[in-house]
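The values are calculated or read from the model by the stated rules, or taken from the named source; none is laboratory data. Being a predicted model, the structure only gives us computed values, none of them experimental. Methodologically, a virtual Cβ is constructed for each residue, glycine included, from the backbone with ideal geometry; neighbour enumeration extends over all protein chains shown. When the accessible area is computed, the model is the full protein with side chains, heavy atoms only, and any ligands, DNA or RNA have been set aside. Shrake-Rupley method; radii C 1.70, N 1.55, O 1.52, S 1.80 Å.
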Amino acid sequence: MIRIGMLTSGGDCQALNAAMRGVAKTLFNAKEDVEIYGFLDGYQGLIYGRFRLLTYNDFSGILTKGGTFLGSSRTPFKTIQDPDANGLDKVAAMKQNYYKLQLDCLVILGGNGTHKTANLLREQGLNVVTLPKTIDNDLWGTDMTFGFQSAVNIATEAIDCIHTTAASHGRVFIVEIMGHKVGWLPLNAGMAGGADIILIPEIPYDIDKVCDKIQERHDRGSRFTILAVAEGAISKEDAALSKKEYNKKLEKRKFPSVSYEIADQINKKIGLDVRVTVPGHTQRGGSPCAYDRVFASRLGSEAGKLILKGEYGFMVGYKNREIVKVPLEEVAGKLKMVDPKASIIKEAKALGISFGD
């Protein structure tokens, strides 16, 4: 008998269902005596014992569905060891529910914060296998995360749609793409969508350089300019501030996001009409693209194989076009940033794309 628990934590994304299906089908096809308990709403389900026994049929017909049929929630790692409002020890409660169900392993699907907690549970003696989920593609130890390519496709489509209206009206358009700390998503969507300027957190921008690029295009006869701006884009002036100083400045910001601030600055400096579009959570939604369906299925299958072999304490990742296992302690607490000197940045600049630096 193999008994596993399964949960999805943090922000949702496409292909979570596909990944869970990959784990379950691999186990069910290999052994007859398998029990899978699905914890509802992420770590909250594991903490408070909210779960249900899943059958083979629960994993049928979910390959193409976005979101997560188990539900998800954000349970910040920084407070995971603090008692809840009723004084409950959350880590102890998770361990208790694990042992109560006599689980052989926990399969945890999530991003950075999720992996920190997963590694903590590993350190507490629980058997854990994780899968790399995030539209930001910022998990250390893997070249790709599932959900990323689907989000790139949606963000690219948003930029594609803006192209026609921007050209018609001769305007500057800013498309704000998700990416609070890292810029993989706006970088890839911006290149795929033909953005003229891409602003990402790893490369602080100079607003004068941004305006110079727009003016250059305007003087050359281009009717429009499109900027793909990460929600976490930051100016050189703000990047020079301490974290405390920057957070204090953000509290006083009169604009809803950095994109609206940039739009205001462009209008004041060169007098051009600027519009802002924010695709927002559409980037997390909808059906997974074909790439993510295959990719998540492969990762899930490999996780199932690790469980069958009794190999725990790993994240199933992707390196050099191969599925690999990465020790959890090497993943937890690390971000995979865009290197400003990376070849993709150099190639983008060779294409004429400005990063405002």
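If each residue of separation counts as 0.36 nm, what is the full-extension length gain between residue 92 and residue 223 once their alpha-carbon separation is subtracted?
Values: separation 131, 0.36 × 131 = 47.16 nm, distance 6.11 nm.
Taking 0.36 nm per residue and subtracting the Cα distance, the gain is 41.0 nm.
Only loop residues by DSSP count here, and only those with at most 15 other Cβ atoms within 10 Å; note down the trypsin sites (Lys or Arg not before Pro) in segment 259-357 that meet that. Provide the component values of the computation, followed by the final result.
Details: sites: 268, 269, 275, 284, 293, 298, 305, 309, 319, 321, 325, 334, 336, 341, 346, 349; in loops: 321, 334, 336, 341.
Those satisfying the criteria are 321, 334, 341.
Counting pairs of alpha carbon atoms under 8 Å apart in space and at least six apart in sequence, what relative contact order in percent does segment 110-162 give?
Taking the mean separation of contacting Cα pairs over the length of segment 110-162, I get 27 percent.
Order 184, 140, most accessible first, counting only protein heavy atoms with a 1.4 angstrom probe. Working shown, then result.
Details: 184 45, 140 110 Å².
Sorted descending by solvent-accessible area, the residues read 140, 184.
Between residue 312 and residue 69, what is the label-point separation in nm under the 7 Å Cα-to-beta-carbon projection?
The answer from the label model is 2.6 nm.
Given the pairs 90/236; 65/209; 248/346; 31/319; 133/349, which are separated by over 32 angstrom at their Cα positions?
Violating the 32 Å Cα-Cα cut-off are 90/236; 65/209; 248/346.
Order of 242-249, 188-195 by packing, highest average Cβ count within 10 Å first?
Descending packing order for the listed peptides: 188-195, 242-249.
Starting from the Cα-Cα distance between residue 81 and residue 161, subtract it from 0.36 nm times their residue separation and give me the gain in nm to one decimal.
Working: separation 80, 0.36 × 80 = 28.80 nm, distance 4.55 nm.
Residue separation times 0.36 nm, minus the Cα-Cα distance, leaves 24.3 nm.
So who's got an amide H within less than 5 Å of the one on residue 134, skipping anything under 5 residues away but keeping other chains? H placed 1.01 Å off N, in plane.
So residue 134 has HN proximity to 146, 148.
Express in % the proportion of alpha carbon pairs of the chain at distances exceeding 39 Å.
Everything past 39 Å amounts to 22 percent.
For the chain, what is the percent of antiparallel DSSP beta bridges, rounded to the nearest 5?
Details: 11 of 44 bridges.
Taking every DSSP beta bridge with both residues in the chain, the antiparallel ones total about 25 percent.
Quick one: if you stick a label point 7 Å off each Cα along the C-beta vector at residue 236 and residue 56, how many nm between them?
6.4
Using 0.36 nm per residue of separation minus the Cα-Cα distance, give me the extension gain between residue 339 and residue 102 in nm, one decimal. It would help to have the intermediate numbers written out before the result.
Working: separation 237, 0.36 × 237 = 85.32 nm, distance 4.40 nm.
Extra length from residue 339 to residue 102 when fully extended: 80.9 nm.
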